[in-house]
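The values are calculated or read from the model by the stated rules, or taken from the named source; none is laboratory data. Not measured: the values here are computed from a predicted model. Methodologically, a virtual Cβ is constructed for each residue, glycine included, from the backbone with ideal geometry; neighbour enumeration extends over all protein chains shown. Calculation scope for accessible area: heavy atoms of the full protein, side chains included, ligands and nucleic acids excluded. Shrake-Rupley method; radii C 1.70, N 1.55, O 1.52, S 1.80 Å.
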Amino acid sequence: MMKMRKTMKLVWAVLLMFGLMVTVVACGNNTAEQENGAAEETVYKVGTEPTFQPFEYKDLETDEIVGFDIDLIKAIAEEGGFKVEIQSLGFDALIPAVQSGTIDIVASGMTIDEERSKQVDFTQPYINAGLALAVAKSNETIKSEEDLEGATVAVQIGTTGAMKANELKEQGIVEKVLTYDTIDVLMAELTKGTVDAVINDAAVTESFIKSGHDDIKIVGEQMNTEQYGFAVAKGNTELLQRLNDGLQKVMASGKYEQLLAKYDLPANARP
Ligand code: ARG
């Protein structure tokens, strides 16, 4: 009898231990599976200011944010096996958002410059760009930058166009700089005649004119040369590497040229 109880106790103990082991192993597996799953499903938040066609703008039918930058960052994500989620922000809110971690990536036709490079890290350049001066089609007096004496100039907040206009104001050339949140509004002000000129990225103003706004024209030479990069938080080398690797692959595969063509951008827009 005593022996029997002892044996039973032993059997129970073995069963219990076996059960525990199975549970531990199962849990272990589970965690590993979840971690793997998470790695595959990494979603980066991408911030953009979507009034900047053809780089980022709203598709009027679907209300979705589309454009060259959006397709490019999605192509990079596909190469790298991660996902992106696009969100709309004011242009001047993008750098603070990436710094605070509200977003992971800026994809917004953002020019790589020294000041910004102190605040964020940029990828390799993905577009050659530059500023252009635009006036109403009927304007016969402003033919170039030199004719901006006494002019009121409209710009988008926080942009290189705004910096340029303020420079011209400090030089005593431009009289007044009006700052707007979105490109559509500043173009509307130009059409209405509230302002004399707009300083904005050349390809964007060209695209705007081509899309049926031929009451506006570009005058003079392109004002400077700039390059766009994607931006991440300072020191986020892992994400920066992923973006640069993906960009290199997309630029080597023919996909990049396909996107230039899709958005009617010239071949020399490629850095
Ligand atoms: N390239 C200019 C800059 O970096 C203008 C960019 C504006 N982008 C936009 N999505 N609104 O300042």
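Things worth noting here:
- Sequence-distant residues sharing a close amide H with V84 (under 5 Å, placed H): Y44
- Sites matching GluC sites (Glu not before Pro) across the range 93-179 that sit in DSSP coil, with at most 12 neighbouring C-beta atoms within 10 Å: E140, E149
- Mean Cα-pair separation over length for the range 136-271, i.e. relative contact order, pairs under 8 Å, 6 or more apart, %: 23 percent
- The residues of the chain present an accessible area of 54 Å² per residue when probed at 1.4 Å with all protein chains retained.
- Across all Cα atoms of the range 137-183, the radius of gyration (one decimal) and Dmax (whole number) stand at 10.7, 29 Å.
- Applying a DSSP loop filter and a limit of 14 other Cβ atoms within 10 Å to the trypsin sites (Lys or Arg not before Pro) in the range 178-249 leaves K234.
- Over the range 114-206, Cα pairs under 8 Å with separation of 6+ residues give a relative contact order of 38 percent.
- Once the convex hull of all Cα atoms in the range 130-271 is built, its volume per residue stands at 121 Å³.
- Using a cut-off of 23 Å between Cα atoms, the listed pairs K210/K262; K83/K234; K217/K255 include K217/K255 as exceeding that distance.
- Alpha-carbon spread of the range 59-138, three principal axes, descending order, Å: 50, 38, 22
- With an a/c value of 1.5 or above and a/b larger than b/c for the gyration tensor axes a ≥ b ≥ c computed over the alpha-carbon atoms, the chain is described as prolate.
- Reachable lysines, given that their alpha-carbon falls under 20 Å from the alpha-carbon of K176 and they are not under 8 places away in the same chain: K143, K164, K192
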